[in-house]
Amino acid sequence: MPTCMPRLLGLFSLLVLAACGDDDSTGGSWTPVTSSPMQMVLDVWAFSANDVWFVDGTTTVRRFDGSTWTDLPTPATSGLGCIFALSPTDVWLCADTTVLHYDGATFETLPSTDAIGLDGLTSIWATSASSVWAVGDDAIVARYNGASWSAAYVSSNFNSSIWGTSPTNIYVLGTFDLLHYNGSNWSSVETPDRTSGDGQVWGTSASDVWVITDSSDLAHFDGDQWESVRDLELIGDLSAIWGASADNLWAAGSAGQIAHFDGSTWTDVQHQQIGAPYLQRFLAVHGSGASDVWAVGQQLGEGGSTALVYRLR
């Protein structure tokens, strides 16, 4: 069960109801896509408004063209958990110890990361076919050079996210640490407050990096220093982030929370009613542009688990 659940249950025990809805000031509205064939969604990648990929813990990629769902089978032998793409013909997927590459027509299975001791893959990032990086449950950052994997042993295990701007500027978020790679060495990042946990590190450039750790606090790097962002007036906690530009970001997380950043202020855009008979948790956010953004995850209750798929248009 996600670590945010105790906080969620405490919130839901309140008798007061909070309003939920969309903020038209962001230039669109969030609406659920109810036709999803999935029970949950772990990750999403939008190439365009009519070509969106979803991974749901099965060995099949679910594709949505704006109206119809289709299945794209893969050679994975365990459930797909993450996706990263450089283009529609250069897509990377992870599944336990396996990384798959899609060239627009077929999948290639890369050598297993199990050979270097890394399993439970959670996040992947790449700059090219010869520079692929992956993290997972172990205190290892794996790098693929186009032929084989190598391992860098780091201080933090249970790493949930990897992101960078180049092979000499990479961040990894783990349970106990935020790590940075400068092209030669991995080191812990010193920030004003704790920046570790289950969440995401992501940015729009080397001078605009965000860390979201499934909590009510965020951390931001402007290229010179890290700053804590606290006291957000939100119902839920944030754990996933994406944006089309530095002044147009979307973040989502527990309690059906979706928030928007306009370059200066984070604003509550949507959340669940407190006391609702189900738990909503967004796990990933991605878009093809400012006017087409997706937030995905899982809803528990009312008959079990169902996919949470919302779209901004």
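Structure values in brief
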read-out: The chain: most fluctuating residue of Ile258, Ile116, Ile212 per GNM, C-alpha cutoff 10 Å; value: Ile116
read-out: Rounded accessible area of Glu227 (nearest 10 Å², 1.4 Å probe); value: 110
read-out: In Å², nearest 10: area of Leu110 left accessible to a 1.4 Å probe; value: 10
read-out: Highest-MSF residue in the chain out of Ala295, Ala85, Ala284 [GNM, Cα springs under 10 Å]; value: Ala85
read-out: Residue-normalised accessible area of the chain, given per residue in Å² at a 1.4 Å probe; value: 41
read-out: P(r) of region 215-303 over all Cα-Cα pairs, binned every 5 Å from zero, in whole percent; value: 3, 14, 23, 24, 18, 10, 5, 2, 1, 0
read-out: Intensity falloff of region 142-240 expressed as log10 I(q)/I(0), Debye formula with alpha-carbon point scatterers, at q = 0.19, 0.20, 0.25 Å⁻¹; value: -0.90, -0.99, -1.46
read-out: By accessible area with a 1.4 Å probe, ligands and nucleic acids excluded, highest first: order of Tyr278, Tyr144, Tyr153; value: Tyr153, Tyr278, Tyr144
read-out: Cα gyration tensor category, rounded, prolate or oblate, for region 105-146 with a/c compared to 1.5; value: prolate
read-out: Kirkwood hydrodynamic radius of the chain, from inverse mean 1/r over distinct Cα pairs, in Å; value: 19.6
read-out: Exposure rank, largest accessible area first [Asp96, Asp292; 1.4 Å]; value: Asp96, Asp292
read-out: Spacing of the two label points (7 Å from each Cα toward its C-beta) at Glu108 and Ser155, in nm; value: 3.7
read-out: Region 67-110: C-alpha gyration tensor shape, a/c 1.5 cut-off, then a/b vs b/c; value: oblate
read-out: Cα pair distances of region 76-156 binned at 10 Å [whole percent]; value: 20, 59, 20, 1
read-out: Within a Gaussian network of the chain (alpha carbon springs, distance under 10 Å), most fluctuating of Val189, Val132, Val44; value: Val189
read-out: All-pairs alpha carbon distance profile, region 255-313, 5 Å steps from 0, percent; value: 4, 16, 24, 26, 16, 9, 4, 1, 0
read-out: Computed accessible area, Ile83, all protein chains, 1.4 angstrom probe, square angstrom; value: 10
read-out: Descending Cα extents along the principal axes, region 67-225, whole Å; value: 46, 41, 24
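The values are calculated or read from the model by the stated rules, or taken from the named source; none is laboratory data. Being a predicted model, the structure only gives us computed values, none of them experimental. Neighbour counts run over all protein chains shown; Cβ positions are idealised from the backbone, glycine included. Please note that ligands, DNA and RNA were not included when accessible areas were found on the heavy atoms of the full protein model with its side chains. Shrake-Rupley method; radii C 1.70, N 1.55, O 1.52, S 1.80 Å.
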